[in-house]
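Shown next, in C-alpha cells, is the structure this report addresses.
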Amino acid sequence: MRTHYCGIVTEALIGQTVTLCGWVNRRRDHGGVIFVDLRDREGNVQVVCNPSRVEMFAVAEDLRNEFCIQVKGLVMARPEGSNNDNLKSGKIEVHCHELRVLNPSVTPPFLLDDENLSETTRLTHRVLDLRRPYMQNNLMLRYKVAMNVRKFLDEHGFIDIETPMLTKSTPEGARDYLVPSRVHDGQFFALPQSPQLFKQLLMVAGYDRYYQITKCFRDEDLRADRQPEFTQIDIETSFLGEEEIREMFQEMITHVFKQVLNIDLGEFPIMAYSEAMARFGSDKPDLRINLEFTELTDAMGTVDFKVFSGPATTPGGRVVALRIPQGGLMSRGEIDGYTEFVKIYGAKGLAWIKVNDVAQGREGLQSPIVKNLHDEALQTILQRTGAQNGDLLFFGADKAKVVNDSIGALRLKIGLSDFAKTQGLFESRWAPMWVVDFPMFEFDEESSRYTAVHHPFTAPKDGHEDWMVTAPEKCIAKGYDMVLNGWEIGGGSVRIHQADVQQKVFDALKITPEEAQLKFGFLLDALQYGAPPHGGLAFGLDRIVTLMTGADSIRDVIAFPKTQRAQCLLTQAPSPVDEKQLRELHIRLRTPAASAS
C-alpha cells in the first residue's frame, strides 16, 4: 500500500512517484490549492493537492485532522524560499495524483500539537497521545536502546532466557501483587518483583551468562520515576568478580549512549556509600550540583541551642551545614519556602545564617540562631564551610536519616533551580558514577530487627562473614549501584553461593531455618549442587530512556503507563469483576467497614 514512510521522503527522490500512507496532521486551503501535512511514525511530509485533478481535489476538500489516507504523487522540490529546515522532508513536497481515504476520523478531543495538555487527558486518550511526535520519538528511542543492549549482550555471550510471571510470594522487598489460583483453593501466585531467584537458579544450572528485558511488578507508593509494572534489563553472570562485572556493564551503558545519542559519558567515578551519605546525604548523588554537606556533629555538643546540641549528643544524631554561595540574595520568603519543603522529609524546621561580612565575626552574621551559638562554634562553622561574604548557610539537625533525607532533598531542589544555574552551582553535563560498598544490613526500629539493604542473597565483603553474627551493622556488601544525574539506573551485587554464609545472613535477619526453607527452599536446595560464584545487576530501562529523552516522568517513555494512583485511564483498570469469577476463585469481598470490624 505504500512505497516509503512520510518522514524519509527527501530530495533524493525528486522526480520519482511515491505512495504514502498516514494521518492528516493538518489541512490548509491556500487560494484553491490544498496543502496536507501527512504524518506517520517517521515524521511529516507536505502534500500538494491541485484543483486541476478534479476527482482527487474533491476528496481533499473533505479531509479533516486524523483522517487515515493514502497518497500517490510526484516528489518535487519546494519553491525557492519555502524550505522547512525542521523536517527531513523539508526541501520537497509531494504533488498528489491520487488520494484515497482509508478511514475517516471523528473530531479528536485535542489537537496533537497542543503542548499544554493535562496528563489526565493524555492518558485517557493515550492512543491519540501516542501519535504525537514527542511520544513517537520517545518510543522509537526506547526501541533503539533495547536493541543496542541486546546486540552488546549477544556479542558478549549472553543468552536471553525467560523466567516465570506466576511465581511464589517472598517476604523481602516491596509488597507483592498477588494472583489467586482457581485450581488450588486459597492459594496465590505472586507477580515477580524481579527475576532474582530464578536468575540465580540459572547460574546453578550452568547458563553462565543470562539476560532478559522483562516486566517486574511492585505494589508500592508511586512517583515520577516509579510504576507498578516496569521494565528491567536483568543480567546475571558466573565466574566474574565485583570489579569485572562493573567494568563490563559500564562498557555496555557507555556503548548504548554512544550508539543512540552519540554521547560519550566519560569517566565513572567510584564512591563508597559512606562517602556519598557523608557528602550528599544520598546514595544516588547528582554530581552536576556543586553543593555538599559540611559535618558539624562533633562541634555542636556544647552549644546552648538544643536544636543542635540534642542531635549532636544523641547516638544516631547528625548536624550538618549546606553552604549556598551567594545565597544571601535569597529573600526571606524563599527561605520560608525551603523551610516548608524540608518538613516533607521529616525535618522540624530549617535553621539558617546569612553571612554578610566574615571579617566582622558574630556581628557580620544575620540569623535568629546566632545568639545561641558560642564564638568557638561560630568560628568552626565558618571555617569548615569556607563561608564567604554573601553566602547562605542552611542547617540540618536531627536523626541522621532525617538530616540526610531533608537536606539531601534541599540540595537537589536548590541545585536544580534557576538560581543555581545562574550562580554556576550546576553543571550542564552527564554525570555517571558508581556507588559501592553498601552496608549489608540496616536496623529497622519498628520491628527491632535488621533488614537487608539490597536483598538477603547479597554476598558480604571477604572477611566480613563473622560480623554478621557479632556486629551486623559493620558488614559491608559486595553491592553496587550505577547512578546517572542523580537517578539510580542500575543496581546489583555479587551473590552468596555458599550455604554456610547464606545461613549467617538468615541468622542476622532473624529468619529461622524453617522460614528460610518455606520461603526460599528451592534456591537453598539448588545451592547445594556445586553453585558457582556469580553476580549481576539490573538496569531500569524506563529510567534510562527517561534520562535520554529529557522527559519529566517515566510515564512519557512507556506506551501504556499507570497513573500515580496505579490506574490505567485508557482501559479503566483496575475494575470490578463479576460474581461468577469471584466464586470460581473462592473469593468473597467484604466492605471496608466489615473488614475493620
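The values are calculated or read from the model by the stated rules, or taken from the named source; none is laboratory data. Remember, it's a predicted structure, so these values are computed and weren't measured experimentally. All Cβ positions, even for glycine, are placed from backbone atoms using ideal geometry, and neighbour counts span all protein chains on display. Just the protein is used for accessible areas: all its heavy atoms, side chains included, with ligands, DNA and RNA removed. Shrake-Rupley method; radii C 1.70, N 1.55, O 1.52, S 1.80 Å.
Below is a table of values for the structure above.
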| item | result |
| --- | --- |
| Checking Arg122 against (1) assigned to a helix (DSSP H, G or I); (2) open to solvent by 60 Å² or more (accessible area, probe 1.4 Å); (3) in contact with a helix residue (DSSP H, G or I) (Cβ under 8 Å, 6 or more places away or on another chain), the condition it does not meet | (2) |
| Those helices (runs of 4 or more DSSP H) lying entirely in segment 523-597 with at least 2 residues among the basic types (Lys, Arg) | 579-584 |
| Index of the failed condition, Tyr211 passing every other in (1) at pLDDT below 95; (2) out of contact with any Lys or Arg (no Cβ under 7 Å at 6 or more places or on another chain); (3) not acidic (Asp, Glu) | (1) |
| Qualifying positions in segment 98-119 - in contact with a Lys or Arg (Cβ under 8 Å, 6 or more places away or on another chain) and open to solvent by 60 Å² or more (accessible area, probe 1.4 Å) | Glu98, Pro104, Thr107, Asp113, Glu119 |
| Selection from segment 142-184 of residues that are of a type in the set (D, E, K, R) and either assigned to a helix (DSSP H, G or I) or in contact with an Asp or Glu (Cβ under 6 Å, 6 or more places away or on another chain) (or both) | Arg142, Lys144, Arg150, Lys151, Asp154, Glu155, Arg175, Arg182 |
| Test: residue in segment 51-74 that is part of a strand (DSSP E or B), touching a strand residue (DSSP E or B) at 6+ places or on another chain (Cβ under 8 Å), touching a residue at least 12 places away in the same chain (Cβ under 8 Å) and open to solvent by 40 Å² or more (accessible area, probe 1.4 Å) | yes |
| Residues within segment 88-97 that are assigned to a loop (DSSP other than H, G, I, E, B) and open to solvent by less than 60 Å² (accessible area, probe 1.4 Å), tallied | 2 |
| Every residue from segment 267-302 that is in contact with a Ser or Thr (Cβ under 8 Å, 6 or more places away or on another chain) and open to solvent by 70 Å² or more (accessible area, probe 1.4 Å) | Thr302 |
| Within segment 498-513, considering residues that are aliphatic (A, V, I, L, M) and touching a residue at least 40 places away in the same chain (Cβ under 8 Å), the one nearest to Pro532 (Cα to Cα) | Val501 |
| In segment 453-508, residue surrounded by the fewest Cβ atoms within 10 Å (Cβ to Cβ) [restricted to those that are β-branched (Val, Ile, Thr) and farther than 25 Å from Ala174 by Cβ] | Thr470 |
| Strands (runs of 3 or more DSSP E) contained entirely in segment 280-394, each with at least 1 residues that are closer than 30 Å to Ile489 by Cβ and in contact (Cβ under 8 Å) with a residue 40 or more places away in the chain | 293-295, 317-324 |
| Filter result for Leu518 (open to solvent by 40 Å² or more (accessible area, probe 1.4 Å) and more than 30 Å from Arg122 (Cβ to Cβ)) | yes |
| Those residues of segment 439-466 which are among the aromatic types (Phe, Trp, Tyr) and closer than 22 Å to Leu524 by Cβ, in sequence order | Phe441, Tyr450, Phe457 |
| Qualifying residue in segment 498-519 (condition: assigned to a strand (DSSP E or B) and either out of contact with any helix residue (DSSP H, G or I) (no Cβ under 6 Å at 6 or more places or on another chain) or not aliphatic (A, V, I, L, M) (or both)) | no |
| Residues that are touching a helix residue (DSSP H, G or I) at 6+ places or on another chain (Cβ under 8 Å) and surrounded by 14 or more Cβ atoms within 10 Å (Cβ to Cβ), drawn from segment 210-232 | Tyr210, Tyr211, Ile213, Asp225, Arg226, Gln227, Phe230, Thr231, Gln232 |
| Checklist (1) under 30 Å from Met252 (Cα atoms); (2) in contact (Cβ under 8 Å) with a residue 12 or more places away in the chain applied to His95, failing item | (1) |
| Residue list for segment 241-279, restricted to those being farther than 18 Å from Ala477 by Cβ, in a loop (DSSP other than H, G, I, E, B) and not aliphatic (A, V, I, L, M) | Asn262, Asp264, Gly266, Glu267, Phe268, Pro269 |
| Which numbered condition Ile14 fails, given (1) in contact with a Cys (Cβ under 7 Å, 6 or more places away or on another chain); (2) more than 28 Å from Met135 (Cβ to Cβ) | (1) |
| Subset tally (residues that are open to solvent by less than 90 Å² (accessible area, probe 1.4 Å) and under 16 Å from Ser309 (Cα atoms)) for segment 348-387 | 13 |
| Residue count for segment 569-585, restricted to those that are in contact (Cβ under 8 Å) with a residue 40 or more places away in the chain and more than 29 Å from His184 (Cα to Cα) | 2 |
| Ser89 out of contact with any His (no Cβ under 7 Å at 6 or more places or on another chain), over 25 Å from Val33 (Cα atoms) and at pLDDT below 95 | no |
| Of all residues in segment 407-437 being over 20 Å from the mean Cα position of the chain (by Cα) and within 21 Å of Met482 (Cα to Cα), the one that is surrounded by the most Cβ atoms within 10 Å (Cβ to Cβ) | Phe426 |
| Criterion (within 24 Å of Val127 (Cα to Cα) and open to solvent by 20 Å² or more (accessible area, probe 1.4 Å)) met by exactly one of Arg41, Arg28, Arg78 | Arg41 |
| Filter result (open to solvent by 40 Å² or more (accessible area, probe 1.4 Å), out of contact with any helix residue (DSSP H, G or I) (no Cβ under 6 Å at 6 or more places or on another chain) and touching a residue at least 12 places away in the same chain (Cβ under 8 Å)) within segment 443-452 | Phe443, Arg449, Thr451 |
| Selected residue (criterion: nearest to the chain's Cα centre (by Cα)) from residues of segment 1-43 that are of a type in the set (Phe, Trp, Tyr) and under 15 Å from Leu63 (Cβ atoms) | Trp23 |
| Residue within segment 315-329 that is open to solvent by 30 Å² or more (accessible area, probe 1.4 Å), of a type outside the set (S, T, N, Q) and on the phi > 0 side of the Ramachandran plot present | yes |
